[in-house]
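Undergrad: Take a look at this one; I'll ask things after.
The values are calculated or read from the model by the stated rules, or taken from the named source; none is laboratory data. Please read all numbers here as calculations on a predicted model, not as lab measurements. Here the Cβ positions follow ideal geometry from the backbone for every residue, glycine too, while neighbour counts run over all protein chains shown.
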Amino acid sequence: MDDIITIAQSTFQRVARMKALYVILAICVLDVAAMSAYKDLSLGMEKELMFDCALALSLIVGLITSMVAAFEVPRELREKTAQFILSKPMGRSAFLWGKFFGIASLAVFNIAIVLVGSLMAYRLSFGETPWEMAQGGALIAAEAVALTGIGILLSVFLSDTMAAIGQFAFFAIGHCLHMLPQAKVLGYVFPNFHHLDIKTELSHLAVRETAGAEIEISNAFIGLGVGYGIAYALFTTGLATVIFSRKDVH
């Protein structure tokens, strides 16, 4: 357990030092804040525009951060910087779980930054605080955690470039799964991210006087969505440890 925590902390700190990441976060928050200026162009729907933009940009940030997982394991093996931990009896499992928890926690942290900045911008623009945005953020964070697990899994038997491409394919198919033929069969392999994408419903709920509809999204639904994302992440990372334990590492 100590090895997992150490690797997770090291991974979190190293990736968090990437300056480009903070530039992306700042741009996302500023983009959300700018939505309030589009009153005429949005035909009076600037609240929905800001709300949807906040969740959409949070999703992009979560995706970008989680894709670091596709590059971490191949990089460590290529540079031979993980030989000591891999030589231990439980080293391979600790290595992968540490990478998973480090990147997943950073993804959640970055999403939280975008959401907090967006809530502040919304409050300053309209004098309201749409806490429904936090519900959407929880589902997006769960999706980012699931994508991190997928990235870890693909990275143990693919090159970093192919793992990243595969990870994005899981993201795209997961969001389109409900529209594809044989969706039930594909659902046994690909995560159904459509269940976690309720931006439209939440934006209507947040500005009900504009939507004119009674919509209720329970905390139980949000909890099930978060549990689904975490369960998928744990399964894929666990599968990755099984595959990695049988792989020849030079």
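Undergrad: Here is a check on your reading of the model: is residue 96 crowded, with 24+ Cβ neighbours inside 10 Å, over 15 Å from the mean Cα position of the chain (by Cα) and either at pLDDT below 85 or within 15 Å of residue 68 (Cβ to Cβ) (or both)?
TA: On the way: crowded, with 24+ Cβ neighbours inside 10 Å: yes; over 15 Å from the mean Cα position of the chain (by Cα): yes; either at pLDDT below 85 or within 15 Å of residue 68 (Cβ to Cβ) (or both): yes.
Judged against the criteria, residue 96 is a match.
Undergrad: In the stretch 44-103, which residues are within 26 Å of residue 27 (Cα to Cα) and either in contact with a His (Cβ under 8 Å, 6 or more places away or on another chain) or part of a loop (DSSP other than H, G, I, E, B) (or both)?
TA: Result: 44, 45, 48, 67, 68.
Undergrad: Follow-up question, since we're still on this one. Before we move on, is residue 242 modelled with pLDDT of 90 or more and either out of contact with any helix residue (DSSP H, G or I) (no Cβ under 9 Å at 6 or more places or on another chain) or farther than 18 Å from residue 104 by Cβ (or both)? Walk me through it before giving the result.
TA: Working: modelled with pLDDT of 90 or more: yes; either out of contact with any helix residue (DSSP H, G or I) (no Cβ under 9 Å at 6 or more places or on another chain) or farther than 18 Å from residue 104 by Cβ (or both): yes.
Considered against the rule, which asks whether it is modelled with pLDDT of 90 or more and either out of contact with any helix residue (DSSP H, G or I) (no Cβ under 9 Å at 6 or more places or on another chain) or farther than 18 Å from residue 104 by Cβ (or both), residue 242 comes out as yes.
Undergrad: May I ask you to list the residues in the stretch 120-136 that are buried (at least 19 other Cβ atoms within 10 Å of the Cβ) and in a helix (DSSP H, G or I)?
TA: Quick first cut of the stretch 120-136, residues buried (at least 19 other Cβ atoms within 10 Å of the Cβ) only: 121-122, 130, 132-133, 135-136.
Those that are buried (at least 19 other Cβ atoms within 10 Å of the Cβ) and in a helix (DSSP H, G or I): 121, 122, 132, 133, 135, 136.
Undergrad: For the stretch 1-33, how many residues are at pLDDT below 75, over 20 Å from the mean Cα position of the chain (by Cα) and surrounded by 14 or more Cβ atoms within 10 Å (Cβ to Cβ)?
TA: 1
Undergrad: Tell me, yes or no, whether the stretch 147-154 has at least one residue that is of a type in the set (Ser, Thr, Tyr), part of a helix (DSSP H, G or I), at pLDDT below 85 and in contact with a helix residue (DSSP H, G or I) (Cβ under 8 Å, 6 or more places away or on another chain). Give the derivation first.
TA: Filtering the stretch 147-154 for residues of a type in the set (Ser, Thr, Tyr) gives 148.
From what is left, the residues that are part of a helix (DSSP H, G or I) are 148.
From the residues that got through so far, the ones that are at pLDDT below 85 too are none.
Looking for residues that are of a type in the set (Ser, Thr, Tyr), part of a helix (DSSP H, G or I), at pLDDT below 85 and in contact with a helix residue (DSSP H, G or I) (Cβ under 8 Å, 6 or more places away or on another chain), one finds none in the stretch 147-154, hence no.
Matching residues to (1) surrounded by 15 or more Cβ atoms within 10 Å (Cβ to Cβ); (2) at pLDDT 70 or above:
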{"site": "156", "(1), (2)": "yes, yes"}
{"site": "161", "(1), (2)": "no, yes"}
{"site": "166", "(1), (2)": "yes, yes"}
{"site": "177", "(1), (2)": "yes, yes"}
{"site": "185", "(1), (2)": "no, no"}
{"site": "196", "(1), (2)": "yes, yes"}
{"site": "202", "(1), (2)": "yes, no"}
